[in-house]
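No lab work stands behind these numbers, since they all come straight from the coordinates. Remember, it's a predicted structure, so these values are computed and weren't measured experimentally. Cβ placement follows ideal geometry from the backbone for every residue including glycine, while neighbour counts extend to all protein chains displayed.
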Amino acid sequence: MKIHIFSQKTNIIFCGIVFPAGTIYEPPHLKGISHFVEHMIFTSSHFFEVEQNGFIADAITYPDFMIIYLYGPPEISHFRSALNAFASALCADAYFHDAFETVKKTILSEIYETNSNPSKLIYDLLFYNTFHEVPVYGTTDTVSAITLEDCIIFKKYLFSQKNINVILYGDVGRKHINITRDIITRVFTGNTILSRFQSPLKKNIQIDFDLNCGDVCFIAATSPCQRADFPSAVFTESVLTIGSENPVTEIFLQKYGLGDTAELVVNYLEHLAAPCVVLHNIPKKQVKVIDKAVRDFAERIDEICDNADALEYRKKLFCSSVYSQNLEYKITILARYIMDGFCPRSFSEMIEHFCSAEPLVFLPEKIRKICIF
């Protein structure tokens, strides 16, 4: 177990526990179990006590890690009580039996809703086609097959001291650190290590959907995967498209009229990154100009990267925007850094690291398109 401390002058304290979880740690027949366990945990009545101490608790599961966290007032007595209740909720199994069927129905409903909504589904198809991993919530078949025993066993392996990274952020004092260490080491006692699942994904696991989008379509145009670190992914996704002169909007919406929403997304997993453009509600008669628009966009990105002054200006905008982002965004970025093996000493050091990154290359001649009509 490692505790990462980021002292910041705020009126709150944040404590997050980061685990190696998500689809890359799941066997093919249990895809989605990390997300399933996350849902199960939050059915515990211990979270009422967390809230009574003025804290908010939540969790996010990604394909390669999970973070479960709470944040609230930095007063020592409230923090100790809230963290005790939080830890009890994470480690108890008794409530799993009552919640299991309800949670399964909820997740299956979420999958159906996503598979029926092209504006959501396009991102899952994009990720699946880039990394050949199903979305974090799994598929209808895999979630239907998950049993209560599967959840309890998986959680046992997951919630081990050797898997844990703890993030403390905000008004962190010595007492907060000691309380966190005492409670976490007392509650998380296992020594198992959850490893990446090496077996190839079975061909019969796929994303199924049945849609009729009428007179519009949804397209994701993705460049091939490149070896990259996380800062390069963030740099490409954020720095190159920030500000009033946004090349994504400028090229795809204003110049070519391709839909009503356009964005640059960088899918990232285990030091592989793929820059992609996602376009929503494109009139079908406009689809034929996609390739030309992508080439123009790649040229525009090259122009920005070749202009030192323009790039520096965008970096400054990016730094300002990150500091103004909500707490969950900042912590998620820190968690990703830690899981990638880089441990910044401060939030500002992390931002500096971002701004020294090199942008990813957008290769229009090798673009692959994913369409929902």
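Which of the listed residues, Asn84, Leu279, Tyr313, is farthest toward the dipole's positive end in the chain, when Lys, Arg count +1 and Asp, Glu count -1 at the beta-carbon?
Checking the options against the dipole of the chain, the answer is Asn84.
Students often get this wrong, so try it: which of (i) 21.8, 63; (ii) 23.7, 79; (iii) 28.1, 91 is Rg and Dmax of the Cα atoms in Å as calculated from the structure shown?
Checked against the structure: label (i).
Could you pull out every residue, at least 5 positions away or on a different chain, whose amide H is within less than 5 Å of the one on Ile12? Hs are placed 1.01 Å off N in the peptide plane, and Pro or chain starts have none.
The answer is Asp171.
Magnitude of the Cβ-charge dipole of the chain, K/R +1 and D/E -1, about the Cα centre, nearest 20 debye?
Its charge dipole is roughly 580 debye.
Express the relative contact order of the chain as a whole percentage, based on alpha carbon pairs under 8 Å and six or more residues apart in sequence.
Over the chain, the number comes to 22 percent.
In percent, how large is the relative contact order of region 217-312, given Cα pairs closer than 8 Å and 6 or more residues apart?
35
Could you list the trypsin sites (Lys or Arg not before Pro) in region 1-87 that lie in coil according to DSSP, counting only those with at most 14 other Cβ atoms within 10 Å of their Cβ?
Those that pass, being in a loop and sparsely packed, are Lys9.
Would you mind listing how long region 2-187 runs along its three principal axes, going by Cα atoms, in whole Å with the largest first?
In descending order, the Cα extents are 47, 34, 29 Å.
Rounding to the nearest 20 debye, state how big the charge dipole of region 2-187 is about its Cα centre with +1 on each Lys and Arg Cβ and -1 on each Asp and Glu Cβ.
760
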